[in-house]
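Chemist: Please find one structure pasted underneath; my questions will follow.
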Amino acid sequence: MRALTLLATGLALSGRVFAQTELPELSRDTVTRGKYTVIFINKAPGFSTITQRRLIDAYFDVYPREAKRFNPHTLRSVNFVIDPAYDGVAATDAGTVRYNPDWFVKHPEDIDVVTHEVMHIVQDYRHDPPGWLTEGIADYTRYVFGINNTAARWTLPDYREGQGYENAYRVTARFLLWAEQHANPRLVDRLDAALRDGTYKPELWVRLTGKTVDELWAGYAANPAADMRK
Ligand SMILES: [Zn+2]
């Protein structure tokens with residue numbers, strides 16, 4: 001029930017906010033497999049039906065696995081909007097992911113944009129979480145659950161001097177992977193849960209690993225090797 005209410009609220013809000021500039025829907029497909037649904041709304045003339053199918057298949061592949069590991073109470077129904085009015089790569093708000101169609105014209109193999117974005121729905125952080133950690137966990141999840149990263153040539157970067165854990169995205173994801181292998185195998189799960197229930201504080205790193213995040217990063221910088229096999 002909570003999920004349905006949230007979804008309805010999100011739609012009503014975006015309807016008001018974007019009413020002025022909203023492009024018309026060219027198609028709307030509702031697909032349900034098992035307990036999960038995606039409503040796929042296309043606003044881009046000529047958007048590839050192959051890419052559409054791949055984005056939908058990715059959703060049904062990765063979202064249930066992310067939900068199972070991190071948040072079984074996540075939304076059961078998600079909206080995907082292919083929106084030429086959006087000029088980033090993709091963005092997620094409540095239960096809606098907006099994708100820039102041009103990105104997939106230029107990067108047709110980058111299907112795991114889905115894996116990153118739907119993790120933001122699973123995360124459901126509402127207590128002013130640190131953005132670097134939110135994005136780091138989303139890219140960690142893309143690394144762990146991704147289905148097409150190799151074809152997309154998407155990898156976690158090796159440590160380089162000058163990086164910091166607050167760089168977010170792949171840099172933070174690589175650090176989280178290392179920390180899970182060297183300090184606490186449940187680290188990401190515990191951070192994620194605390195971020196969702198509002199109990200996250202920087203001291204949590206000490207409780208989970210015996211070190212502050214700065215101390216842990218110093219250990220990473222000194223010896224950054226990690227097992228990159230999944
Ligand atoms: Zn993100």
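Chemist: List pairs: first residue in the range 153-175 and in the same structural domain as I137 (by TED's automatic domain parsing) and within 19 Å of A218 (Cβ to Cβ), second residue at pLDDT 95 or above and among the polar types (S, T, N, Q) anywhere in the structure, Cβ distance under 7 angstrom, at least six positions apart or on different chains.
Modeler: Y165/T172; V171/Q163
Chemist: Out of R153, R126, R76, report the one residue that is in contact with a helix residue (DSSP H, G or I) (Cβ under 9 Å, 6 or more places away or on another chain), more than 12 Å from the ligand (Cβ to nearest atom) and modelled with pLDDT of 95 or more.
Modeler: One residue alone meets the criteria, R76.
Chemist: Enumerate the pairs (first residue in the range 84-112 and touching a residue at least 40 places away in the same chain (Cβ under 8 Å) and on the phi > 0 side of the Ramachandran plot; second residue anywhere and away from the ligand (no atom under 14 Å from the Cβ) and among the polar types (S, T, N, Q)) with beta-carbon separation below 8 Å, excluding pairs fewer than 6 apart on the same chain, so at least 6 apart or on different chains.
Modeler: A94/T9
Chemist: Follow-up. If you scan the range 84-123, which residues turn out to be more than 16 Å from the ligand (Cβ to nearest atom) and touching a Phe, Trp or Tyr at 6+ places or on another chain (Cβ under 7 Å)?
Modeler: Result: P101, single match.
Chemist: Based on this model, can you work out whether R190 counts as farther than 20 Å from Q123 by Cβ and either polar (S, T, N, Q) or over 15 Å from the mean Cα position of the chain (by Cα) (or both)?
Modeler: No.
The values are calculated or read from the model by the stated rules, or taken from the named source; none is laboratory data. It should be emphasised that the depicted structure is a prediction, and the values quoted were computed from it without experimental measurement. Here the Cβ is made from the backbone with ideal geometry for all residues, glycine too, and neighbour counts use every protein chain on show.
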